[in-house]
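The values are calculated or read from the model by the stated rules, or taken from the named source; none is laboratory data. Model, not experiment: these values are computed from the prediction. So basically every Cβ, Gly included, is an ideal-geometry build from the backbone, and we count neighbours across all protein chains shown.
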Amino acid sequence: MKRTFSVVALVLLLPINAVSQIDGHPRKESEFHFSSFWDFYAENDMGVRVWGMGGAGAANVNDLSAMVVNPAALDLDRRFEVYAEFLSKSKTRWLKKFANGLCLKSPSVLPALMGVAYKINDQIVIGWGFCSPKYYKLDLGISVRTDESGNVIGEFHSYDIFKIKQILLPLSFKLNENCFLGGNINYNFISLHSHLVDKKGESEIEYFNIKLGVLLRLTENFDLGITVIPERKFKTKTIWKDEHSVFVEKFGKTTYPMRFEAGIKLYNFSFPIDFAGDIKYSKSSRAKYLEDRFDYHLGMEVKNFKHIVLQLGYFTRFDYRDPDVNWLDKVGEYDQHFVTAGATFYMGKLLLQGCIRDSHLLSSGLIEQTHVSFATGLSF
C-alpha cells in the first residue's frame, strides 16, 4: 500500500516547483503537472480529419477544426460553418505491477469541440469555439486502513478527477494567394479534485494562451505550416480539506511550456493521394525530471471516391521523463506508437467525419489506449 502511494505521489507531483541538478547542470522546475503528466497520458487533440491522418495538420487543415490545429489554415468554402465533434476514450491501465493496477477512466462520450466560423470577406475568417479536450479520473482503487495490530478498521477509495475546458477565439487573415496568417486566443479553465485517504484537495487554474500560425503555399504541390504557443506563467494552489481543518498549499509561478510545430503537405499529384507530416516540440525540460518533448506525425489521404475521403496515419507519444532518474526504471516505459484511420463524407452543406486512433498494435510500454472521434458540420 505504501509503495503504491509513493509511486503515485512521485508521478503526480514530479513537476512541482523545485530546483534539481542532472548531469551537473541545474534545472529549474517551473511547470505544473497539468501540462506534463496529464498532457502525456490524456492528450486527445481535436480535428477528426487531421487525426485520421495521424495528427499531421500544421499545413493540412482548411475547415473549422483548424482553430485548434493551425488558425492560419482556417478557411471556409462557404460564408458560415458550424461544427460539433465528440470523443470516446478507452480505459487506460498503467502501473500494472503495483497493488491496484491504476486506471485512467473517462466519460463514454466527451463533447470535444463545438464551434462556429464566419467568413467576413475573401481575406478574413473569424470564429468561436468551446471544447473540453481532457476529462479523466485517475482511479487509485479501494484500500483498507489497519490499526497497529493489523486489524482492519475501515476502507477508503482514492482518486483524482481532472478536467480542462477551453474557449477559443480564432482569426485567419489571407495576406495574399500564397501566405495565410492566424492567431487563436485560448482561455483555459483547469480543475483537479483529489480524494486521498481521509482528505480532499481542490486545484483550480484559469489562464490565457495564444497560438500563432502561418501557412505558406510554396508551390502548387507543397504547403508549409508553422505554429507556436509562447511560454505562459501562472500561479497555482491546492486547498486540502478534512473533517477538522483546511490547509492551503501554495506553489510558486509555474509554466505552460512553449510549443512549436512545423508541418508539410504534398498534394495535387496525378494520383489521388495527398501526404502530410509534422514535427511537434514542447519545452518540457523546464520541469524536474522531464526532457524536451518531440513527437512525429505522418498521414495520407485518399480521394478516389465520390463524396468520401479516406485517411490513414501514424504518430508518436514518446516517454519524455529524464532517463537518468533511476526510480523510473522500476515503473516502466511509457512510449506509445499510434496507428490511425478515418473517413470523411460530404454532400452539399453536410459534413460527417469519423476516425480511430489506437496504440495497442505497435506500443511496447505500459500505456496503451484507443480514441474514437466523430464529427458533423453544416456550411451555408
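Give just the number: which of (1) among the aromatic types (Phe, Trp, Tyr); (2) farther than 18 Å from residue 257 by Cβ; (3) under 17 Å from the mean Cα position of the chain (by Cα) does residue 281 not satisfy?
For residue 281, the failing item is (2).
Applying the selection to region 236-256, what residues are modelled with pLDDT of 85 or more and part of a loop (DSSP other than H, G, I, E, B)?
The one that is modelled with pLDDT of 85 or more and part of a loop (DSSP other than H, G, I, E, B): 245.
Restricting attention to region 263-287, which residues are touching a Ser or Thr at 6+ places or on another chain (Cβ under 8 Å) and not in a loop (DSSP other than H, G, I, E, B)?
Matches in region 263-287: 284, 286.
Look at residue 260 and say whether it is assigned to a strand (DSSP E or B) and either of a type in the set (S, T, N, Q) or free of Cβ contacts under 8 Å to residues at least 60 places away in the same chain (or both).
The answer is yes for residue 260.
Would you mention how many residues in region 77-102 are modelled with pLDDT under 90 and out of contact with any Ser or Thr (no Cβ under 7 Å at 6 or more places or on another chain)?
9
Provide a single number: the residues in region 39-59 that are modelled with pLDDT of 85 or more and out of contact with any helix residue (DSSP H, G or I) (no Cβ under 6 Å at 6 or more places or on another chain).
10
Return the pair list, or none, for Cβ contacts closer than 6 Å from residues in region 134-145 that are within 14 Å of residue 92 (Cβ to Cβ) to residues that are among the β-branched types (Val, Ile, Thr) and in a strand (DSSP E or B), at least 6 apart or on different chains.
Hits for this filter: 134/164; 137/161.
Return only the number of the condition from (1) buried (at least 21 other Cβ atoms within 10 Å of the Cβ); (2) out of contact with any Phe, Trp or Tyr (no Cβ under 6 Å at 6 or more places or on another chain) that residue 297 does not satisfy.
If we test residue 297 against (1) buried (at least 21 other Cβ atoms within 10 Å of the Cβ); (2) out of contact with any Phe, Trp or Tyr (no Cβ under 6 Å at 6 or more places or on another chain), just (2) comes out false.
Let me confirm something: among 209, 178, which residue is crowded, with 16+ Cβ neighbours inside 10 Å, more than 30 Å from residue 144 (Cβ to Cβ) and not β-branched (Val, Ile, Thr)?
209
Consider residue 376 carefully, then state whether it is among the hydroxyl-bearing types (Ser, Thr, Tyr), surrounded by fewer than 17 Cβ atoms within 10 Å (Cβ to Cβ) and assigned to a strand (DSSP E or B).
On the way: among the hydroxyl-bearing types (Ser, Thr, Tyr): yes; surrounded by fewer than 17 Cβ atoms within 10 Å (Cβ to Cβ): yes; assigned to a strand (DSSP E or B): yes.
For residue 376, the condition - among the hydroxyl-bearing types (Ser, Thr, Tyr), surrounded by fewer than 17 Cβ atoms within 10 Å (Cβ to Cβ) and assigned to a strand (DSSP E or B) - is met.
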